[in-house]
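Student: Let me give you the structure first, and then I'll get to my questions.
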Amino acid sequence: MPHDTTALLDSSTATAGADAGRASATPGHDDLRSLEAGLDRLQTDPDRAPGAWRRLTTSVVPPIVFVVALVAAWQLTVMIAQPRPDIVPGPLDVVGAISQSWEAGRVQLAVATSLERGVLGFLIAVAVGTPLGLLLAEVRPLRRAMGPIISGLQVLPSVAWVPAAIIWFGLTDATVYFVVLMGAVPSIVNGLISGIEQVPPQLRRVGTVLGAGPARLALLIVLPAALPGYVAGLKQGWAFSWRSLMAAEIIAVGGTIGFGLGSMLQQSRELADLGGVLATILVILAIGILIELAFFAPLERRMLRRRGLLVHGGAR
Amino acid sequence: MSEQTAIRIEHLGKRFGAGPLVLDDVNLSIRTGEFVCLLGASGCGKSTLLNLIAGLDRPTTGTIDVPPGGAAVMFQESALMPWLTARQNVELALRLRGVPRAARRGEALELLDTVNLADAAEKRPHELSGGMRQRVALARSLAQDRPVLLMDEPFAALDAITRDLLHEELERVWRRTGRTIVFVTHNVREAARLGERVVLLSSRPGRIAGEWRIGTTEGRRIESPEVASLSIEITEQLRKEIRRNAA
């Protein structure tokens, strides 16, 4: 039968080598080839990825300039208005507070404890939220039943769970992880569900036409297609993990709970050390920004660029 | 089924739920290796008929016989996976067909070469023009290696210059692979340019309202006089069918 690919391949490999095959094809075909190549060239632009220098000037420099200006204005205000240093400390006082606790080893300990909990809690939330999200997205009756509750949980501030968790688990790490999970899981589940809902029905149809059964359809087509929504959910899930963790650490101090950034914040407040409080806030903020910049932003950018969802260059 | 007949449709009727009849007593038999254009105005059930042949839907009455290999389908939108390169999109079809991993890459590149896209193999869909995307989709449906290729207005969204080239490309692929092609379109000239046989469907309900066979199909262009005169003839019949709906 002439209608199988082997026959199709034979006719092109018969002329030994791809280039030779092209050259010795029928003149009409050569004509078509060059015509098509010309049209293809006309209809596409080379993909221009922004250079490292351009990235530096457009996305790295502006925030740095802004922060430097902010700190300068702060320092200037303190120098001109001369407020009480225990109510309005200057930037130098805050830097002093950080270096003081650095020398005492408290910052390192608090950052290590909180980061470990935050990352571990987030990973557990991913492990719980992903299968749950998949299940809810694919089993409609289940989603109708549980969807509104999951969405509601996303709105409920997870700090509200702290008192209950302390009663259940006492002042242990379990309390902290419970609160983190209640904060992060709903975001991850919702992200995955909305990602799957937004998969174009056409792609599923193509999958069916290509002969994919339900399992391979989910694995090879639906899940990759839902990735942007999933990553958005993960990003939000991390934000909720980190916030919930800080809330839990501020409220639940003592017992077997280790010394985290939240505990450090609470301790500084008890000592009425505003410089220390502001310093800790800055550290918490910096870690949030760092994780976003070092992990989520590149992941998201790479995914969107591959799919042509970042605007620059590409086909017309 | 005789060896010469690829698709046989007998007394086919289709209605969706309690709605009006979409297709009414359609009888059509398509030879192996034939290029048939299904032509009709909106609402004539062209796409419904194609879905029935593809097995994506079931007939209400009547029967459809398709060859055991089934049919590959190409849609108006290329519907390529945006996260895969052109080559990986073709490889996906090969993988779902059960081609072993080691053979996929080479075969995908060969298939892309048949649609003159070997150089764009590592590009992603968003980097390709509309015409290039449709050619990747064509390569993908060839990768399915089914005896029948169903095409649902595949070039409707393209500009005239690109469409003209793709007609040539498709004709070449058809001659080379000997596939049976059922090509749905609402463009009379396109049907007259491509088909060995043009089947006109009336609208609401869809019935076969006319049929034209083209003797020599070699060397036809969209601007050829025989294509133009056939178009005039078909258009006249098509307008008659459309006018009937006004009464």
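Student: Is the C-alpha gyration tensor of the protein assembly as shown telling us rounded, prolate or oblate? Criteria: a/c under 1.5 is rounded; beyond that, a/b larger than b/c is prolate, otherwise oblate. Don't skip to the end; give the middle numbers.
Tutor: On the way: a/c = 2.99, a/b = 2.24, b/c = 1.33.
Because a/c hits 1.5 or more and a/b exceeds b/c, the protein assembly as shown counts as prolate.
Student: Please report the relative contact order for the range B:91-196, taking Cα pairs under 8 Å with a sequence separation of at least 6, and give it as a percent rounded to a whole number. Numbers along the way, then the final one.
Tutor: On the way: 81 pairs, mean separation 27.4, N = 106.
The value is 26 percent.
Student: Per residue of A:33-41, what is the mean number of Cβ atoms on other protein chains within 10 angstrom of that residue's Cβ?
Tutor: Working: counts 3, 1, 6, 11, 4, 1, 8, 11, 1.
Averaged over the peptide's residues, the number is 5.
Student: While we're looking at this one, here's another question. In a GNM of chain A with a 10 Å cut-off on Cα contacts, which of A:ALA248, A:ALA104, A:ALA81 has the highest mean-square fluctuation?
Tutor: Between A:ALA248, A:ALA104, A:ALA81, it is A:ALA81 that shows the largest mean-square fluctuation.
Student: Let me ask another. What value, in deg cm²/dmol to 500, does the helix sum -39500 (n - 2.57) over DSSP H runs of n ≥ 4 give at 222 nm once divided by the residues of chain A? Display every interim value, and only then the final one.
Tutor: Details: 15 runs with 224 residues, N = 316.
Here the helix-only value at 222 nm equals -23000 deg cm²/dmol.
Student: Could you pull out every residue, at least 5 positions away or on a different chain, whose amide H is within less than 5 Å of the one on B:THR5? Hs are placed 1.01 Å off N in the peptide plane, and Pro or chain starts have none.
Tutor: Sorted by chain and number, the residues that satisfy this are B:THR32.
Student: Can you list the HN-Hα couplings for the range B:54-70, worked out from phi with the Karplus curve (6.51, -1.76, 1.60; θ = phi - 60°), rounded to whole Hz and with x for Gly and Pro?
Tutor: Taking θ as phi minus 60°, the curve returns 6, x, 7, 8, 10, x, 7, 9, x, 9, 10, 10, 10, x, x, x, x Hz for the range B:54-70.
Student: In addition: So for chain A, averaging the separation of alpha carbon pairs under 8 Å that are six or more residues apart and normalising by length, what relative contact order in percent results?
Tutor: On the way: 287 pairs, mean separation 73.3, N = 316.
Worked out over chain A, it gives 23 percent.
Student: For chain B, what does the helix formula give at 222 nm: sum of -39500 (n - 2.57) over DSSP H segments with n ≥ 4, over the residue count, nearest 500 deg cm²/dmol? Intermediate values should be presented prior to the final figure.
Tutor: Details: 7 runs with 94 residues, N = 247.
Computed mean residue ellipticity for chain B: -12000 deg cm²/dmol.
Student: Let me ask something else. Could you tell me the distance between the Cα centroids of the range B:65-101 and the range A:49-118, to the nearest Å?
Tutor: Here the two parts' Cα centres lie 54 Å apart.
Student: Can you tell me the length gained on complete extension of the stretch A:LEU142 to A:ARG301, counting 0.36 nm per residue apart and subtracting the Cα distance?
Tutor: Values: separation 159, 0.36 × 159 = 57.24 nm, distance 3.32 nm.
Contour length minus Cα-Cα distance gives 53.9 nm.
Student: Under a straight-distance cross-link criterion of Cα-Cα below 15 Å, which aspartates and glutamates are reachable from B:LYS14, leaving out those fewer than 8 residues away in the same chain?
Tutor: B:ASP24, B:ASP25, B:ASP57
Student: Okay, moving on. Neighbour counts of other C-beta atoms within 10 Å: give me A:VAL126, A:VAL179 arranged from fewest to most. Mind dumping the intermediate values first?
Tutor: Values: A:VAL126 19, A:VAL179 29.
If I rank by nearby Cβ atoms, fewest first, I get A:VAL126, A:VAL179.
Student: Turning to a different aspect of this structure: Using a 10 Å cut-off on Cβ to Cβ distances, tally the other chain neighbours for every residue of B:112-118 and report the average as a whole number. Write down the numbers at each step before the final one.
Tutor: Working: counts 0, 6, 5, 1, 9, 3, 2.
Partner-chain Cβ atoms within 10 Å, mean over residues of B:112-118: 4.
Student: Cut-off 10 angstrom, C-alpha nodes, Gaussian network model of chain A. Which of A:ASP86, A:ASP31, A:ASP45 fluctuates the most?
Tutor: Of the options given, A:ASP31 has the highest mean-square fluctuation.
Student: State, as an integer percentage, the relative contact order of chain B based on alpha-carbon contacts under 8 Å between residues 6 or more apart. Working shown, then result.
Tutor: Details: 457 pairs, mean separation 66.0, N = 247.
27 percent.
Student: Ordered by packing density, taken as the mean number of other Cβ atoms within 10 Å over each peptide's residues, highest first, how do A:180-192, B:138-150 rank?
Tutor: On the way: A:180-192: 26.5, B:138-150: 24.8.
Per-residue Cβ counts within 10 Å, averaged per peptide and sorted highest first, yield A:180-192, B:138-150.
Student: Could you pull out every one of the aspartates and glutamates with an alpha carbon less than 18 Å from that of A:LYS235, ignoring same-chain neighbours closer than 8 positions?
Tutor: Filter leaves A:GLU116, A:GLU292, A:GLU300.
Student: Sketch the reach of a paramagnetic label on A:GLN108 as a point 7 Å from Cα along Cα-to-Cβ, and name the residues of the range A:238-258 whose backbone nitrogen lies under 20 Å away.
Tutor: Inside the label zone: A:258.
Quick note: the coordinates plus some simple rules give every number you see, no bench work behind them. Here the structure is a predicted model, which means the values were calculated and not measured. All Cβ positions, glycine included, derive from the backbone under ideal geometry; neighbour counts span all protein chains shown.
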